[in-house]
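Quick notes on the structure that follows.
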Amino acid sequence: MRVVPVGLLRSLLIGAIAIGCWLTIVAPAQAATLSDRVASYPNWSSLPGLKAKAPDLPYPDWMAGTWRVTSTLVDLQAPLAPDIVTPGFESNRRWLDQPLEFPVRFGPPTYSAGPKPLPDLRPQTPPVVADRAFNGLAIARAYLGEAVASVQAPDPNQQLVQLANGDNLLMRMTGRAWEQPAPQVFVASELSRQIFRGQGRPQFNSVETTSRYKLRSPDLITADQITAIYLTPQDPNYFQVGDRPVALYRYALTLTRTDAADRTGPAGNL
């Protein structure tokens with residue numbers, strides 16, 4: 001069985017990529033703000049404080065459009081090694097300093113927002129959100145090529161990655177938060193519960209993706225993105241580890257605008 005790399009499990013803009021059943025609010029964050037959390041890397045010892053039942057991430061207007069992303073893994077750490085190291089951690093070292101490119105896009109939601117309790121007759125401007133199916137497929141194929149058959153994202157809280165060999169990865173978002181400390185800075189975090197079904201028993205984990213985006217020009221964004229892997233109660237080491245991350249991955253992202261108006265075609269088609 002081909003091993004799914006961490007790049008497929010993280011959520012850049014899958015909105016997460018990040019992406020069901022909502023949990024209650026998780027434990028308080030180690031840092032006061034998401035910006036503080038990014039700055040404190042790699043000294044993370046707990047889950048972030050995220051909101052349950054939060055809506056989809058509303059990205060700033062300057063992220064609307066289609067972008068070419070260059071993503072480079074610049075650091076990876078196993079904070080609890082050698083006692084606990086996640087499967088695949090050492091093999092993921094091959095991605096260190098190896099840039100990958102893929103398209104992503106942001107715009108009005110492509111899914112139904114669902115009924116509202118009361119009608120709102122005021123003019124509404126659609127939020128800018130990630131095209132999760134399109135972005136998820138682009139990211140997955142950047143790592144695995146045609147081994148990825150499809151990515152489905154029926155709503156902002158779940159995502160299914162189907163591999164050509166019949167294996168699949170189900171992601172359910174369990175919390176998210178965001179802040180905009182400056183007009184040209186946007187920081188977001190999402191936590192997902194992930195189940196990989198392949199040969200043998202299903203594999204479970206929780207994945208946090210926290211990203212800090214900065215607008216450099218109308219056509220250029222840079223970002224610092226951190227993915228943290230946590231154990232779930234299905235893992236025999238869970239009660240020993242608690243909410244401490246067992247793997248950390250840091251990425252440097254560059255987003256270059258290609259065509260802000262490219263929203264044609266069904267989501268998920270590349």
>> Could you give the length gained by full extension between residue 201 and residue 240, i.e. 0.36 nm per residue of separation minus their alpha carbon distance, to one decimal place?
In response: 11.9 nm
> Tell me, how many Å apart are the Cα centres for segment 214-258 and for segment 46-98?
Replying inline: 2
> What do you get for Rg/Rh of segment 61-188 when both radii come from the Cα atoms and Rh is the Kirkwood radius?
Replying inline: 1.02
>> With θ taken as phi - 60° and the coefficients 6.51, -1.76 and 1.60, list the Karplus ³J(HN,Hα) couplings across segment 42-53 in order, rounded to whole Hz; mark glycine and proline as x.
In response: x, 7, 9, 10, 7, 5, x, x, 10, 8, 7, 6
> Nearest 20 debye, what's the magnitude of the dipole of segment 103-236 about its Cα centre given +1 on Lys and Arg Cβ and -1 on Asp and Glu Cβ?
Replying inline: 120
> Quick one: in segment 106-259, what % of C-alpha pairs are over 23 Å apart?
Replying inline: 49
>> So, R0 is 41 Å and r is the distance between the beta-carbons of residue 45 and residue 256; what FRET efficiency does that work out to, to 0.05?
In response: 0.70
> Under a 5 Å amide H to amide H cut-off, with H placed in plane at 1.01 Å, what residues pair with residue 84 once short-range neighbours are removed?
Replying inline: none
> Roughly to the nearest percent, how much of the accessible area of segment 124-171 is carbon and sulfur, given a 1.4 Å probe?
Replying inline: 50
> How much accessible surface does residue 257 have with a 1.4 Å probe, in Å² rounded to 10?
Replying inline: 60
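The values are calculated or read from the model by the stated rules, or taken from the named source; none is laboratory data. In this text, all values refer to a predicted model and were calculated from it rather than measured experimentally. Cβ: placed from backbone, ideal geometry, glycine included. Neighbour counts: every protein chain shown. What goes into the accessible areas is simple: the full protein's heavy atoms, side chains included, and nothing from ligands, DNA or RNA. Shrake-Rupley method; radii C 1.70, N 1.55, O 1.52, S 1.80 Å.
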